[in-house]
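J.: Okay, here's the structure, questions in a sec.
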Amino acid sequence: MTVKSTARARKKAAPGVPDNLRIKGTDAPPELVQLLTPEGERVENPEFPLAITADELRSLYRDLVLVRRFDAEATSLQRQGELGLWASLLGQEAAQVGSGRAMRPGDYAFPTYREHGVAWCRDVDPLNLLGMFRGVNHGGWDPNEKNFHLYTIVIGAQTLHATGYAMGITKDGADDAVIAYFGDGASSQGDVSEAFTFASVYNAPVVFFCQNNQWAISEPTTVQTRIPLYRRASGFGFPGVRVDGNDVLACLAVTRWALDHARNGGGPVLIEAFTYRMGAHTTSDDPTRYRLSEETEAWKAKDPITRLKAHLEQEGLADEAFFAGIEAESEELGLRVREGVRSMPDPDPTLIFDHVYAEPHALVEEERAEYEAYAASFEGGENH
Amino acid sequence: MAGQLSIAKALNDALRKSLENDPKTVLMGEDIGKLGGVFRITDGLQKDFGEDRVMDTPLAESGIMGTAIGLALRGYRPVVEIQFDGFVYPAFDQIVSQLAKMHARALGHVKMPVTVRIPYAGGIGAVEHHSESHEAYFAHTAGLRVVSPASAQDAHWMLRQAIESDDPVIFLEPKRRYWDKGEVADSADLPLHAARVVRPGTDATLIAYGPMVKVCLEAAAAAEEDGHRLEVVDLRSLSPIDFDTLEASLKRTGRGIVVHEAPVFMGMGAELAARLTERCFYHLEAPVLRVGGYHAPYPPSRVEESFLPDLDRVLDAVDRALAF
């Protein structure tokens, strides 16, 4: 299936599409589903209708603001030495909140290490995410409690886990669906191609949600692909859609459609959320070495929060009190995160030996005993 | 199970029983359906249990392993067949970085009851990439269990125990022994990770697993003609290792020789020699010796007999150990 956006949306989208991603041999840019313009104007797309209440719009706005605030707080905490590393989602809030809110409770998300906004939508405590970047665990939340898998750092590996999980849903005869998150860089990984193949031949209910944020650390998308990424899907025999990744409404509508398509037996869908990584790859990265600030400035004009705020204001759907309330809530969240991280205790070193295996393992127990005896030899001594 | 079964048939029966006993058990692999696998280990299973439980997969080992992990996360108990040892490397990342670590990084919240069956090791005159002994890679990886049976009894019961385990198990099947026959009892006589003294002796201990157990038994029989009584221990489990059984044996015999097909350098023998030396230092009459493959790619089949340990190379090592 090729999804056509409205002429109007296409016209709006055109300036944002780099030349290298224009379809060769035509003047047309890749089609981009958009329901909310950067100026905050609502546009309709007959293929992705979205009926949404004012309450829901305000709730999405709250999500976007709080997620951005949490992310900014985490970046600060890294600068203060409280976290070892942070991978900021700045600029990608709409892609994550839109897709995250499209999921039903029984659906399951398989994230990369940047899906803080999806985690938020799945009600995963932000402090759980920070524990990993602080170095007190490797994640450690119960994935099945919120149907949100652990962050996966090896690029693209989780797309296969998502596909296998979705194959299990089919075997169970359930109507759940799965989202596999990945990025433009991951699209080059063999695991992602294999996930596309498995999902396709087993007709697995999985939505591949690619946040094309234009940069894989320092490498632009031209290093990964010669065609728009959403078009990869056609070679594997399933639909691909490109959506404005800074438009929370479009991300919500398209992902909701894709999840229903998958859960109703239609098989996988690839969504390419066309967005931009406004910050560095991680706090260890320096984007000034490889990209121009003009580019970042241009994307600022398409900010996901600004456009939703403009829409709420233009339509009279939110007043000053509402925005002030969100601001206050965001301050509270920042405070909770700060205090939570600063008071997060280091684990006992014997954590090293916990959970290596589910069942007893002679060598691990032997080494645990060795370690404990060694540690105990310092007790009461000067070295303790 | 009366009568003699080949190792291949014992494995096939084990898979059948596992499919019968637990509806969450699923088999995945290349050509395991109608064909029954290139070694026919899954013969007849798809016909009896359906395509949903015995799944022919795309030819993508990382994909097989990664989706098996996903199925395990959904509550399934996948048993994966890697068609040949040399084809497991594309799945190495999924095995080492994902499968092995998942339970620990989730702080025990999720289990990975995945069994990875690999027909392994050489001696069948195959083309390259079909004769690899890569057990050290897997045994070196925390989070994996690694086992290799040498008899029909162990093939059957160890596979059933591996499938029932809530941890990932790398199950190395000695492909050149698939057609060797033996009795399979009605129950397991040892836990999965116990070693087995398969021939008692007094003068030296041969430690082997998988395909080399037979070679060591033949060597022990030959040595007896020369008046040397060799003990043979079948390791069975490569991670964890049953060091108590090995220690008791070496303390009796005073000499240990590890035999495996894998290259000696940085192989299982290195770990066994180091640990057994620590445990048995004052009981040893000779350093623990190693017999194995050379530090070279597995050779073309016309010369593989020179690469693989055989009766004479084992006896040569026995002579060296006895000469100390």
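Please treat every number below as a calculation from the coordinates, not as lab data. Only a predicted model underlies this, so the values are computations on that prediction, with no experimental measurement involved. A quick note on method: Cβ atoms are made from the backbone with ideal geometry, for glycine too, and the neighbour counts reach across all protein chains shown.
J.: Between A:D123 and B:R16, how many nm apart are label points set 7 Å from Cα along the C-beta direction?
T.: So the two model labels end up 4.8 nm from each other.
J.: Right, next: For the Cα atoms of chain B, what angle does the longest principal axis make with the long axis of helix B:311-323, in degrees from 0 to 90, nearest 10?
T.: With both axes taken from Cα atoms, the answer is about 40 degrees.
J.: Cut-off 14 Å, label point 7 angstrom out along Cα-to-Cβ of A:H138: give me the residues of the stretch A:342-383 whose amide nitrogen falls inside.
T.: Label zone hits: A:351-358.
J.: Can I ask one more? I need the phi-derived Karplus couplings for the stretch A:226-241: 6.51 cos²θ - 1.76 cosθ + 1.60, θ = phi - 60°, integer Hz, Gly and Pro marked x.
T.: Once θ is set to phi - 60°, the couplings for the stretch A:226-241 become 9, 10, x, 4, 4, 6, 4, 4, 4, x, 9, x, 9, x, x, 10 Hz.
J.: Could I ask something else about it? I need the shape label for the stretch B:4-183. Rule: rounded when a/c is under 1.5, else prolate if a/b > b/c, else oblate, with a, b, c from the alpha carbon gyration tensor. List each step's numbers first, then the result.
T.: On the way: a/c = 1.44, a/b = 1.20, b/c = 1.20.
Rounded shape, in that the Cα axes give a/c under 1.5.
J.: Using a basic spin-label model with each label point 7 Å from the Cα along Cα→Cβ, how many nm lie between B:F265 and B:R229?
T.: 4.0 nm
J.: Can I ask one more? Placing +1 at every Lys and Arg Cβ and -1 at every Asp and Glu Cβ, with all other atoms neutral, what dipole size does the stretch A:7-342 have around its Cα centre, in debye to the nearest 20?
T.: Rounded to the nearest 20 debye, it is 780 debye.
J.: Where both partners of a DSSP beta bridge lie in chain A, what percent of those bridges are antiparallel, to the nearest 5?
T.: 10 percent
J.: Measuring from a point 7 Å past the Cα of B:E128 along Cα-to-C-beta, which residues in the stretch B:247-281 have an amide N at less than 19 Å?
T.: B:262-263
J.: Could you tell me how many degrees, from 0 to 90 and to the nearest 10, lie between the Cα long axis of helix B:152-164 and the main elongation axis, the longest principal axis, of the Cα atoms of chain B?
T.: Value to nearest ten degrees: 50.
J.: For the stretch A:371-379, in order, what is each residue's ³J(HN,Hα) by Karplus, 6.51 cos²θ - 1.76 cosθ + 1.60 with θ = phi - 60°, in whole Hz (x at glycine and Pro)?
T.: Those phi angles translate into 4, 5, 5, 4, 4, 5, 5, 8, 4 Hz.
J.: Helix-only mean residue ellipticity at 222 nm, chain A, DSSP H runs n ≥ 4 weighted -39,500 (n - 2.57), per residue, nearest 500. What is it?
T.: Calculated at 222 nm, the ellipticity per residue is -13000 deg cm²/dmol.
J.: If you don't mind, another one. Restricting to the stretch B:196-323, compute how many DSSP beta bridges are antiparallel as a %, nearest 5.
T.: 20 percent
J.: Using amide H atoms built in the peptide plane, which far-off residues or other-chain residues are under 5 Å from B:V198 H to H?
T.: Counting only residues 5 or more places away or on other chains, the set is B:V232, B:V233, B:D234.
J.: Looking at the square roots a ≥ b ≥ c of the eigenvalues of the Cα gyration tensor of the stretch B:179-324, which shape do they give, rounded for a/c under 1.5, prolate if a/b is larger than b/c, or oblate?
T.: It is rounded, given that a/c, with a ≥ b ≥ c, falls under 1.5.
J.: According to the Kirkwood expression over distinct Cα-Cα pairs, how big is the hydrodynamic radius of the protein assembly as shown, in Å?
T.: It is 27.8 Å.
J.: Placing unit charges on C-beta atoms (Lys and Arg positive, Asp and Glu negative, everything else neutral), compute the dipole magnitude of the stretch B:4-183 about its Cα centre in debye, rounded to 20.
T.: Values: 20 positive and 24 negative charges, 69 e Å.
Taking the Cα centre of the stretch B:4-183 as origin, the dipole is about 340 debye.
J.: Pull up all non-local amide H partners of B:S239: gap of 5 or more, or a different chain, and H-to-H distance under 5 Å with H placed in the peptide plane.
T.: B:V146
J.: Next question, about the same structure. Pull out a ≥ b ≥ c, the square roots of the eigenvalues of the alpha-carbon gyration tensor of the stretch A:214-262, then state rounded if a/c is under 1.5, prolate if not and a/b is larger than b/c, and oblate in the remaining case.
T.: Taking the square roots of the gyration eigenvalues as a ≥ b ≥ c, the stretch A:214-262 is oblate.
J.: Right, something else. Can you put A:F148, B:F84 in order, fewest other beta carbons within 10 Å first?
T.: Details: A:F148 25, B:F84 19.
Fewest-to-most ranking of A:F148, B:F84: B:F84, A:F148.
J.: Within straight cross-link reach of B:K251, meaning Cα distance under 15 Å, which aspartates and glutamates are found once same-chain residues fewer than 8 apart are removed?
T.: Cross-link targets: B:D203, B:E231, B:D242, B:E278, B:E285.
J.: Here's something else I'd like to know. Taking amide H positions as placed in the peptide plane 1.01 Å from N, state which residues far from B:Q83 in sequence (5 or more) or on other chains have amide H under 5 Å from it.
T.: For B:Q83, the qualifying residues are B:E30.
J.: Within the stretch B:235-261, list the residues whose amide N lies under 15 Å from a label point set 7 Å along Cα→Cβ of A:E359.
T.: Within reach of a label on A:E359: B:237-242.
J.: Then there is this: Taking the number of other C-beta atoms within 10 Å as the exposure measure, put B:I32, A:I155 in order starting with the fewest.
T.: A:I155, B:I32
J.: For the pairs A:K146/A:K171; A:K171/B:K17; B:K47/B:K214; B:K111/B:K214, flag any whose C-alpha to C-alpha distance is greater than 26 Å.
T.: Going by Cα-Cα distance, B:K47/B:K214; B:K111/B:K214 fall outside the 26 Å limit.
J.: Read phi for every residue in the stretch A:349-354 and hand back ³J(HN,Hα) as whole Hz from Karplus 6.51 cos²θ - 1.76 cosθ + 1.60, θ = phi - 60°, with x for Gly and Pro.
T.: Calculated HN-Hα couplings, in order: x, 5, 3, 3, 9, 6 Hz.
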